[in-house]
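A.B. asks: Below you will find the structure I want to go over with you.
The values are calculated or read from the model by the stated rules, or taken from the named source; none is laboratory data. The shown structure was predicted, so the numbers you read here are calculated from the model rather than taken from an experiment. We place every Cβ from the backbone using ideal geometry, glycine too, and count neighbours over all the protein chains shown.
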Amino acid sequence: MAISETPVRPGVTTFTFEPGHTAVEFKARHMMVSWVRGHIKNVRGSLKFDPDRPAEARTEAEMDVADLWTGVKERDDHLKSADFFDAARFPKIFFKSTSVECVGADQYRVHGDLTLRGVTRSVTLEVRYLGQWETPWWEGGVNRGPRIRAGFEATARIDRKDFGVNWNDSLDRGGLVVSDAIDLTIDVEAIQQV
């Protein structure tokens, strides 16, 4: 079956995140001169969403700290240690939305609670809705589609110290090894439940 040529707007729908295409990228300043980026892949979650009534949307997500990857094993191990995420005690990170504001065509401000290292703080995600499309759905090598997919991209900045992630070392002239501010970029591909 061919992919639909036009977007689909089905009304209030429940979606689940497709873990293979949903991820969080985080970015921190390193040694005051460069950026270190990492990913947490395989984010799981659900979403209730109607593009005609986005302020009523609700979402929940969870991710495993064990899935964190920066491309350097020693750095990944340090980030998973008690100095940073403390994965042994707090293996999961959670987000649950509390409200949604419409700030433009297909742009929203999603307020919610982020739980990291057992600490919950309010955060705001700047979200852009990328649309919905009928797409193929492959199972066992057979296209059992179509299935409706929706896409979202979100950004946020958090202060890691708000969550008890305090490890650092100082440099000359007041510099730090790792910035307190962490930039997040979240890509969500969500599949409508049938």
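A.B. asks: Could you please find all residues in the range 77-92 being in contact (Cβ under 8 Å) with a residue 24 or more places away in the chain and either crowded, with 17+ Cβ neighbours inside 10 Å or over 25 Å from Thr124 (Cβ atoms) (or both)? Walk me through how you get there before you give the answer.
C.D. replies: The first filter runs over the range 77-92 and keeps only residues in contact (Cβ under 8 Å) with a residue 24 or more places away in the chain, leaving 79, 83-86, 89-92.
Scanning the range 77-92 gives Leu79, Asp83, Phe84, Phe85, Asp86, Arg89, Phe90, Pro91.
A.B. asks: Output the qualifying pairs, or none if there are none: Cβ atoms under 8 angstrom, residues six or more apart or on different chains, first residue in the range 53-66 and surrounded by 16 or more Cβ atoms within 10 Å (Cβ to Cβ), second residue among the small types (Gly, Ala, Ser) and part of a loop (DSSP other than H, G, I, E, B).
C.D. replies: Listed by first residue and then by second, the contacts come to Val65/Ala87.
A.B. asks: Filter the range 106-119 down to residues that are of a type in the set (Val, Ile, Thr) and in contact (Cβ under 8 Å) with a residue 24 or more places away in the chain and give me whichever is surrounded by the fewest Cβ atoms within 10 Å (Cβ to Cβ). Explain how you work it out, then say what you get.
C.D. replies: Of the range 106-119, the ones of a type in the set (Val, Ile, Thr) are 110, 115, 119.
From what is left, the residues that are in contact (Cβ under 8 Å) with a residue 24 or more places away in the chain are 110, 119.
Working: Val110: 23, Val119: 12.
The extreme case among them is Val119.
A.B. asks: From the residues in the range 151-166 that are modelled with pLDDT of 95 or more and aliphatic (A, V, I, L, M), which one is farthest from Glu18 (Cα to Cα)?
C.D. replies: Among those that are modelled with pLDDT of 95 or more and aliphatic (A, V, I, L, M), it is Ile158.
A.B. asks: Working only within the range 167-187, note down all residues that are modelled with pLDDT under 80 and either in contact with a Ser or Thr (Cβ under 8 Å, 6 or more places away or on another chain) or not aliphatic (A, V, I, L, M) (or both). Even if it seems obvious, please write down each step before you answer.
C.D. replies: Initially, the range 167-187 is screened for residues modelled with pLDDT under 80, giving 167-179.
Residues satisfying the conditions are Trp167, Asn168, Asp169, Ser170, Asp172, Arg173, Gly174, Gly175, Leu176, Val177, Ser179.
A.B. asks: May I ask you to verify whether Val142 is under 30 Å from Ser81 (Cα atoms) and over 17 Å from the mean Cα position of the chain (by Cα)? Before the answer, list the steps.
C.D. replies: Working: under 30 Å from Ser81 (Cα atoms): no; over 17 Å from the mean Cα position of the chain (by Cα): yes.
No.
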